[in-house]
Amino acid sequence: MTQYVLRRLVTSVIVVLGVSVITFMLLHGMSGSPGRAILGVQASAEAVAAFDREHGYDRSLIAQYLAYLGQLLQGDLGHSYKLNQSVNALLADNAGRTAMLAGVSLVLAVCVAVPLGVFQAVKRNSVGDNVLTTLTFVAYSMPVFLLAMLLIQVFALGLGILPAQASQSSSTFVIFTEPRAMLLPVLTLTGITVALYSRYQRSAALDQLAQDYIRVARAKGLSMRMVLTRHLLRNACLPLVTLIGMTIPLLLAGNLVVESVFNYPGLGLLFFNSLNNQDYPVLLGYTLVASVLTVLGNLLADLVVAVSDPRTQRA
Amino acid sequence: MTDTAPPQQVTSGWRLAVRSFAQNRLAVAGVGIIVLLILFCFAGPLLYVTEQVAVDPVNSLLPPGGDYPLGTDAQGFDVLGRIMRGGQASLQIGLFAALIATAIGTLYGTIAGLIGGVVDGIMMRLVDTLLSIPFLFIVLIAATQFSSTVLSLSLILGAFSWLGPARLVRAEVLSLRSRGFVAAATVMGATKPRIIVRHLIPNALGVVIVNITFQVADAIIAVSLLGFLGFGLNYPDVEWGTQLSDGVSHLFEGAWWLIYPVGGCLVLVVMAFNFVGDALRDSIDVRLRRR
């Protein structure tokens, strides 16, 4: 077990280092020289070269990468020359609102997808199961923005009961202070996540239903409800832990699109605006953070599964 | 899918797979939808000729009816013709990107699986690293560097989506290598190239084919996201994502015909590819066929 944890830790560190090499190379290859970015297009080539020499941007790539890595280890993600602000400050300003939107949607999605999947598995091939399977399949085949547009069309333009734009407040807790303005973004993000998870949850529950321990529990005289809540639910949730860990990139991508559609000031909108400004330090800074989150998510999911499933501990 | 051939009759694995596929109604419907949409987008403009280059401001944002069965957009383009033109690009990019990703992934996975050892370890850590960078992020960053064409978008999407196929093919090659029939062939004196060509490739092909279908579906969604976020094809070219993004600005004027028909086509084609992929997986993987 300890060996497994150690091995997973080491590969995670290697992967994060690999990501930092990639973001460094992209930053270096795409954004051009920092001297040019700071001094502007009218500065002479000599002035730019002098600036780069003075700040160490003319050293070998390896030396520059080590300097970059040193900065990262101190928690410094770089500087946005376009906005003249540190990337850390920009990300920190927006992280809370994004975490709130993504977190609330994820919790809601799990709360819907788990019972939905178990229900579908128990009532498999019934009318209800088929209708739900079709619905989730349609949502699964739909780009996020299309779902957002449909919801806007129905709830904001058709019925006129909800605003089409997210709240512009800078408060982190805007979901709780202005729930009406946040309903559509949360609904969109929850919708696509449920579509993603309930398919897996259904098949995970189906696998579990065929196991002997379910039959034993029924034979002991437990009611179906007890079997489902006491025995099946726990075991059928284990694949979901792995799935949540694995789908962090998809959740972040969904968040990016939803924030752009609803104009919600978070990390996704910051990324979208930085794309249009070609502000690579911000883009790659957020990408690096997102990748580290992904690695951590996978690591955590693996560890949770290893701890809670004794069968994996022997392997 | 419960049928199995009578034991005395020898039927090839591929024929069994085709039979099982043909019995899946959803899969047949999926193939039908894909064929119809390809005909609609590529042959449609030959029968239904519309002006798609010169703008026509006088006839902008007309609702469906009369000369325009699906109305016109803000530039005065006929929406039905526009969907055909946009569909050509979306389908092309989806297919190209999937083929590029599958080609790279298959090659990479086969090499890693066959060589094994340290090389395999290093190659797979590279895949782990690239996989932990969110796909949409890296693709959008790459898109800022190129002007968008069918080719450039296909290359960008293909260049970052070969990781899944690489893992699949490697796992398949690893498991096939240690199977009994490969050992049997070796004992019978088969050479290494013969084993690769006659045994490994045909058996790994199933996984690859299944994966292509899902890749197409994913690439069509991905390119619509790029288009929607402003990195789609430039005027006069168009693909479905850009078309939808243009439609959003007129959603508030009630121009529903700019959204629903294109959106419907997009969802339909992605669903069709997913249906076909699911059915192919069930019919090619013998272990799943009996369920």
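The values are calculated or read from the model by the stated rules, or taken from the named source; none is laboratory data. As the structure is a computational prediction, the values presented were derived from the model and not from experiment. Glycine also receives a Cβ, built like all others from the backbone with ideal geometry; neighbour counts cover every protein chain displayed. For accessibility, only protein heavy atoms count, side chains too; no ligands or nucleic acids. Shrake-Rupley method; radii C 1.70, N 1.55, O 1.52, S 1.80 Å.
Binning at 5 Å from 0, report for the stretch A:1-107 what percent of all alpha-carbon pair distances ends up in each bin.
Histogram of Cα-Cα distances, whole percents per bin: 2, 10, 14, 17, 16, 15, 11, 7, 5, 3, 1, 0, 0.
Comparing the chain by itself with all protein chains present, which residues of the stretch A:268-286 are at least 50 Å² less accessible (probe 1.4 Å)?
Checking the loss per residue gives A:LEU275.
Suppose only helical runs count, i.e. DSSP H with n ≥ 4. What mean residue ellipticity at 222 nm does that imply for the protein assembly as shown under -39500 (n - 2.57) per run, divided by all residues and rounded to the nearest 500 deg cm²/dmol?
On the way: 28 runs with 424 residues, N = 606.
Helices in the protein assembly as shown give a 222 nm mean residue ellipticity of -23000 deg cm²/dmol.
Using alpha carbons only, how many angstrom separate the centre of the stretch A:35-60 from the centre of the stretch B:165-207?
Here the two parts' Cα centres lie 55 Å apart.
What are the extents of the Cα atoms of the stretch B:178-291 along their three principal axes, in Å, largest first?
For the stretch B:178-291, the Cα extents along the three principal axes come out at 73, 34, 17 Å.
Taking amide hydrogens as modeled 1.01 Å from N in the peptide plane, which residues meet the under 5 Å criterion relative to B:TYR68, leaving out close sequence neighbours?
HN-HN under 5 Å from B:TYR68: empty list.
What FRET efficiency do you get for A:MET226 and B:VAL18 if R0 is 35 Å and r is their Cβ-Cβ distance, rounded to the nearest 0.05?
Working: r = 46 Å, r/R0 = 1.31.
Here the calculated transfer efficiency is 0.15.
I'd like the orientation of helix A:179-209 relative to chain A: the angle between its Cα long axis and the longest Cα principal axis, in ° from 0 to 90, rounded to 10.
Computed tilt is about 50 degrees.
Accessible area per residue of chain B at 1.4 Å probe, in Å²?
Values: 13650 Å² over 291 residues.
It amounts to 47 Å² per residue over chain B.
By how many degrees, between 0 and 90 and to the nearest 10, does the Cα long axis of helix A:61-73 differ from the longest principal axis of chain A?
60
How large is the Kirkwood hydrodynamic radius of the stretch B:139-199, counting all unique pairs of alpha carbons, in Å? All intermediate terms of the calculation are to be shown ahead of the outcome.
Numbers: mean 1/r = 0.0687 Å⁻¹.
Averaging 1/r across every pair of different Cα atoms and inverting gives 14.6 Å.
Mean separation of Cα pairs under 8 Å and 6+ residues apart, divided by the residue count of the stretch B:71-211: what relative contact order is that in percent?
Numbers: 118 pairs, mean separation 46.8, N = 141.
It rounds to 33 percent for the stretch B:71-211.
Work through the residues other than A:LEU77 whose Cβ is under 14 Å from its Cβ and net out their charges, Lys, Arg +1 and Asp, Glu -1. Walk me through the numbers on the way to the answer.
Working: positive: none; negative: A:ASP76, A:ASP93, A:ASP279.
That works out to -3.
In terms of the Cα gyration tensor, with a ≥ b ≥ c the square roots of its eigenvalues, is the stretch B:1-142 rounded because a/c is under 1.5, prolate because a/b exceeds b/c, or oblate? Let's see the in-between values first.
Details: a/c = 3.76, a/b = 1.48, b/c = 2.54.
Because a/c hits 1.5 or more and a/b fails to exceed b/c, the stretch B:1-142 counts as oblate.
So for chain B, averaging the separation of alpha carbon pairs under 8 Å that are six or more residues apart and normalising by length, what relative contact order in percent results?
On the way: 390 pairs, mean separation 78.9, N = 291.
Across chain B, relative contact order equals 27 percent.
Can you give me the Cα centroid spacing of the stretch A:94-118 and the stretch B:115-148 in angstrom?
28
Take peptide A:23-32, look around each residue's Cβ out to 10 angstrom, count Cβ atoms belonging to other protein chains, and average those counts.
Values: counts 3, 0, 0, 5, 0, 0, 1, 4, 0, 0.
Average neighbour count from other chains, rounded to a whole number: 1.
Measure nothing but the geometry: give the 0 to 90° angle between the long axis through the Cα atoms of B:13-22 and the longest principal axis through the Cα atoms of chain B, rounded to 10°.
Helix B:13-22 sits at roughly 30 degrees to that axis.
Accessible area per residue of the stretch A:238-304 at 1.4 Å probe, in Å²? Mind dumping the intermediate values first?
On the way: 1940 Å² over 67 residues.
Roughly 29 Å² per residue, with all protein chains present.
Going by average Cβ neighbours within 10 Å, how do the peptides A:239-251, B:219-231, A:22-34, B:53-65 rank, with the highest at the top?
Working: A:239-251: 19.1, B:219-231: 25.4, A:22-34: 17.2, B:53-65: 12.8.
Order by mean packing, descending: B:219-231, A:239-251, A:22-34, B:53-65.
Give the Kirkwood hydrodynamic radius (Å, one decimal) of the stretch B:91-185, defined as one over the mean of 1/r across all pairs of different Cα atoms.
In the stretch B:91-185 this quantity evaluates to 14.4 Å.
When ligands, DNA and RNA are left out and all protein chains stay put, how many square angstrom of accessible area per residue does the stretch A:116-193 have with a 1.4 Å probe? Can you show the working numbers first?
On the way: 3520 Å² over 78 residues.
For the stretch A:116-193, the per-residue accessible area is 45 Å².
Over the stretch A:209-315, what number does the Rg to Rh ratio reach, with both radii from the alpha-carbon atoms and Rh per Kirkwood? Intermediate results must be reported in sequence, preceding the final value.
Values: Rg = 20.7 Å, Rh = 17.0 Å.
Here Rg/Rh amounts to 1.22.
So how much accessible surface do A and B hide from each other in total, probe 1.4 Å, in square angstrom to the nearest 100? The partial results should precede the final answer.
Details: alone 17370 and 15450 Å², together 29270 Å².
Interface between A and B: roughly 3500 Å².
Which value, in debye to the nearest 20, gives the size of the charge dipole of the protein assembly as shown about its Cα centre, when Lys and Arg are +1 and Asp and Glu are -1 at the Cβ? Display every interim value, and only then the final one.
Numbers: 38 positive and 31 negative charges, 653 e Å.
Using only the charged Cβ atoms, the result is roughly 3140 debye.
If you roll a 1.4 Å probe over the protein assembly as shown with all protein chains in place, what percent of the accessible area is carbon or sulfur?
It is 66 percent, rounded to a whole number.
Sorted from largest down, give the three principal axis spans of the alpha carbons of the stretch A:193-238, whole angstrom values.
37, 16, 14
Heavy atoms only, 1.4 Å probe, whole protein assembly: order B:ILE115, B:ILE156 by accessible area, highest first. Show your work: numbers first, answer last.
Values: B:ILE115 100, B:ILE156 15 Å².
My answer, sorted largest first, is B:ILE115, B:ILE156.
Taking each residue of B:137-148 in turn, how many C-beta atoms of other protein chains fall within 10 Å of its C-beta, and what is the average?
Numbers: counts 13, 9, 1, 8, 11, 2, 1, 9, 5, 0, 0, 0.
That average works out to 5.
Could you run the Debye sum over the Cα atoms of the stretch B:19-84, one equal point scatterer each and no solvent, and tell me log10 of I(q)/I(0) at q = 0.18, 0.25 Å⁻¹, two decimals?
The computed values of log10 I(q)/I(0) come out as -0.69, -0.99.
Can you tell me how chain A classifies by the Cα gyration tensor, rounded, prolate or oblate, using a/c under 1.5 as the rounded cut?
Numbers: a/c = 3.20, a/b = 1.60, b/c = 2.00.
Oblate is the answer for chain A, as a/c is 1.5 or above yet b/c matches or exceeds a/b.
Using C-alpha positions alone, give me the convex hull volume of the stretch A:263-315 per residue in cubic angstrom. Intermediate results must be reported in sequence, preceding the final value.
Values: hull volume 4.8 nm³, N = 53.
So the per-residue hull volume is 91 Å³.
What average count of beta carbons from other chains do you get within 10 Å of the Cβ of residues in A:216-227? All intermediate terms of the calculation are to be shown ahead of the outcome.
Values: counts 0, 0, 0, 0, 0, 0, 0, 0, 0, 0, 0, 0.
Rounded to a whole number, the mean comes out at 0.
Wrap a convex hull around the Cα atoms of chain B, take a quarter of its surface area, and give that in square nanometres. Please report the intermediate quantities before stating the final value.
Numbers: hull surface 76.7 nm².
Projected over every direction and averaged, the Cα hull of chain B covers 19.2 nm².
With the cut-off at 1.5 for a/c, could you classify the protein assembly as shown from its C-alpha gyration tensor as rounded, prolate or oblate? Present the calculation step by step, with values, prior to reporting the outcome.
Numbers: a/c = 1.36, a/b = 1.15, b/c = 1.18.
Rounded is the answer for the protein assembly as shown, as its axis ratio a/c remains below 1.5.
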